[in-house]
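This report concerns only the one structure given below.
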Amino acid sequence: ADIPVIPDLEDVQEEDLAMQVAAPPSVQVNRVLTYHDLDKDLMRYAAFQTLDGEVDLKLLTKVLAPEHELREDDVSWDWDHLFTEVSSELVTEWDLGQSERED
C-alpha cells in the first residue's frame with residue numbers, strides 16, 4: 001500500500017497549468033483632458049454652452065473659475081496638529097456663544 005508511484009506526465013502538466021497566472025487584459029486608455037484643454041473647448045464650441053439644446057449655460061460659463069485659481073499646493077496633514085487646531089476653534093466658538101448668551 002505504501003509503494004511510491006511515478007506520476008504520469010499528463011497529471012504533472014495539469015498541475016503546472018493550475019499554478020500558472022494568466023496575463024492581465026490589455027485595455028486601451030483614452031487621453032485624459034487637462035483643465036487647459038477643457039477651458040479651450042468650452043469657449044471654442046457653442047455646443048457646450050447649451051444643455052440638451054434647451055438650457056442656456058452661457059451665464060454659468062462666464063463665472064467659472066480659471067484653472068490657476070483652483071490649483072492648491074499639497075499640504076501634508078499631521079493628525080495631532082489638525083486635532084488641536086479644530087479643537088481650539090470649537091472651544092473658541094463655544095466661548096463666544098457663551099459670552100453672547102450672558103450679555
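The values are calculated or read from the model by the stated rules, or taken from the named source; none is laboratory data. As the structure is a computational prediction, the values presented were derived from the model and not from experiment. Cβ coordinates were reconstructed from backbone atoms using ideal geometry, including for glycine residues, and neighbour counts include every protein chain displayed. Remember, those area values only see protein heavy atoms, side chains included, never the ligands or the DNA or RNA. Shrake-Rupley method; radii C 1.70, N 1.55, O 1.52, S 1.80 Å.
When restricted to residues that are open to solvent by 100 Å² or more (accessible area, probe 1.4 Å), modelled with pLDDT under 75 and part of a loop (DSSP other than H, G, I, E, B), segment 1-20 contains 2. Residue count for segment 59-103, restricted to those that are closer than 30 Å to residue 37 by Cα and either touching a residue at least 24 places away in the same chain (Cβ under 8 Å) or open to solvent by less than 100 Å² (accessible area, probe 1.4 Å) (or both): 7.
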